[in-house]
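Chemist: Following this message is one structure expressed as structure tokens.
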Amino acid sequence: MSEIEIGRGKRARRAYTLDDVAVVPRRRTRDADEVSTSWQFDAYHLDVPVLSAPMDSVSSPATAIEIGRLGGVGVLDLEGLWTRYEDPTEEFARIARADPEEATSLFQRLYSAPVKRDLIFSRLAEIRSAGVPVAGALSPGRTQDLWKTVVDAGVDLFVIRGTTVSAEHVSASREPLNLKRFIYELEVPVLVGGAVTYTGALHLMRTGAAGVLAGYGGGAASATRRTVGIAAPMATAIADIAAARRDYLDESGGRYVHVIADGSVSTSGDLVKAIACGADAVMLGTALARAVEAPGRGWHWGPEAWHGTLPRGGRVEVATVGSLCDILDGPSHQASGFTNFMGALRHAMAANGYLDLKEFQRAELVVTA
């Protein structure tokens, strides 16, 4: 571990973002059409290693269905506008029209409407009727209250996503969610995060989670570092959690827990490097918010933006670059890295001679910073 001295009384570990690293080509190459981007998550064989971030600017029932048809998993935020309003079209329009200085207070008003259990049922039923994987997300604070509704509505994948999710939450005022007991009692795979340290991820793996979200999420729409001083460079976070996966595999006698990179994966190059650092798949927010089908209409925000007392994110303009199909499968018509994510991944794998994602996790990296 590389540490530097901040002052006589404090040392800090050196960590790296995805921008700080790059993949080094090997001596062997192969044809791009020979490599596979598919992966196996629990009982589901998926063509692309992509989940949509459960953010209202990204995921609607319609986009979740389209992402499923394209081979990934669309994850719906079950505390978002889609479960608070029968038809949130006007709410999305108001967000898109809002002046920058008014956006946060507008979020707080719109998201003060209660979550309706019947809408959870109807939104998930809409996705299921399309014949694609059904995935819904709750924050740790609402999981105790709403999990049974979600399971009764029928999900194939349950996501518990927060800025930081701990297997050892301590509270003097309420009974915290017991993740190990909760996951044990469910009959669906659970994906939990965010986690950014080896120890934190290892503890989440021991709860029985099928996957761990590596990172804080939010990405471009997050202001967590500015508001509360917390940050975790993603390349290091992914590599640390991949090490926890390896050690837990030995500890558990062969149980494999998937690592999903969540946050700071905005371009196709970021996705390539996230997998090379050890991720099994990525959860895309900003990248998919650029789709013409995205509910945000060229704007992007996450749950951090509408916290009632301490917003830790905001509305950011990402514009639109093409359809969801263009973003995931191409073709690209520019070198921005905003479209054809799977084409870029196949090219990077072929340039290194790797056939599948598990092999590509062993790619050699260099530090460029």
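What follows is calculated from the coordinates using simple rules that are stated; it is not laboratory data. Owing to the predicted nature of the structure, the values given are computational and were not obtained by experimental measurement. Here the Cβ positions follow ideal geometry from the backbone for every residue, glycine too, while neighbour counts run over all protein chains shown.
Chemist: Take the Cα atoms of region 17-367, find their three principal axes, and give me the spread along each one in whole Å, biggest first.
Modeler: The principal-axis extents, from largest down, are 58, 47, 43 Å.
Chemist: Distance between Cα centroids, region 191-209 to region 118-137: provide it in whole Å.
Modeler: 26
Chemist: Would you mind telling me which residue in GLU187, GLU304, GLU102 has the biggest mean-square fluctuation in a Gaussian network model of the chain, where springs connect alpha carbons within a distance under 10 angstrom?
Modeler: Looking only at GLU187, GLU304, GLU102, the largest GNM fluctuation is found for GLU102.
Chemist: Tell me which aspartates and glutamates have Cα within less than 15 Å of LYS148's Cα, excluding those fewer than 8 residues away on the same chain?
Modeler: The qualifying aspartates and glutamates are GLU79, ASP118, ASP156, GLU185, GLU187.
Chemist: Also: Calculate log10 I(q)/I(0) of region 281-369 for q = 0.19 Å⁻¹, where I(q) comes from the Debye formula with a single equal point scatterer on each Cα and nothing for solvent.
Modeler: Taken in order of the listed q values, log10 I(q)/I(0) reads -0.94.
Chemist: In whole Å, what are the extents of region 1-125 along the principal axes defined by its C-alpha atoms, from largest to smallest?
Modeler: That works out to 55, 52, 29 Å along the principal axes.
Chemist: Quick one: among GLU293, GLU91, GLU79, which has the greatest mean-square fluctuation in a GNM of the chain with alpha-carbon springs under 10 angstrom?
Modeler: GLU91
Chemist: Moving to a separate point now. Compute the Cα gyration tensor for region 14-82, then decide on rounded, prolate or oblate, letting a ≥ b ≥ c be the square roots of its eigenvalues: rounded whenever a/c is under 1.5, prolate when a/b is larger than b/c in the other cases, and oblate in all that remain.
Modeler: In terms of gyration-tensor shape, oblate.
Chemist: For the chain, modelled as a Gaussian network with Cα springs under 10 Å, which listed residue fluctuates most, GLY136, GLY253, GLY302?
Modeler: Looking only at GLY136, GLY253, GLY302, the largest GNM fluctuation is found for GLY253.
Chemist: If you don't mind, there's one more thing I want to ask. Hey, fewest Cβ within 10 Å first, where do ILE241, ILE230, ILE183, ILE120 land in order?
Modeler: In increasing order of surrounding Cβ atoms, one gets ILE230, ILE183, ILE120, ILE241.
Chemist: Next question. So for ASP77, ASP118, fewest C-beta neighbours within 10 Å to most, what's the order?
Modeler: ASP118, ASP77
Chemist: Given Cα pairs under 8 Å that are at least 6 residues apart, what percent is the relative contact order of the chain?
Modeler: 23
Chemist: Mind sorting TYR184, TYR256 by how few other Cβ atoms lie within 10 Å of their own Cβ, fewest first?
Modeler: Neighbour counts put them in this order, fewest first: TYR184, TYR256.
Chemist: Find which of ALA243, GLY131, TRP301 sits farthest along the positive direction of the dipole of the chain, computed with +1 on the beta-carbon of Lys and Arg, -1 on that of Asp and Glu, about the Cα centre.
Modeler: Farthest along the dipole direction, towards plus: ALA243.
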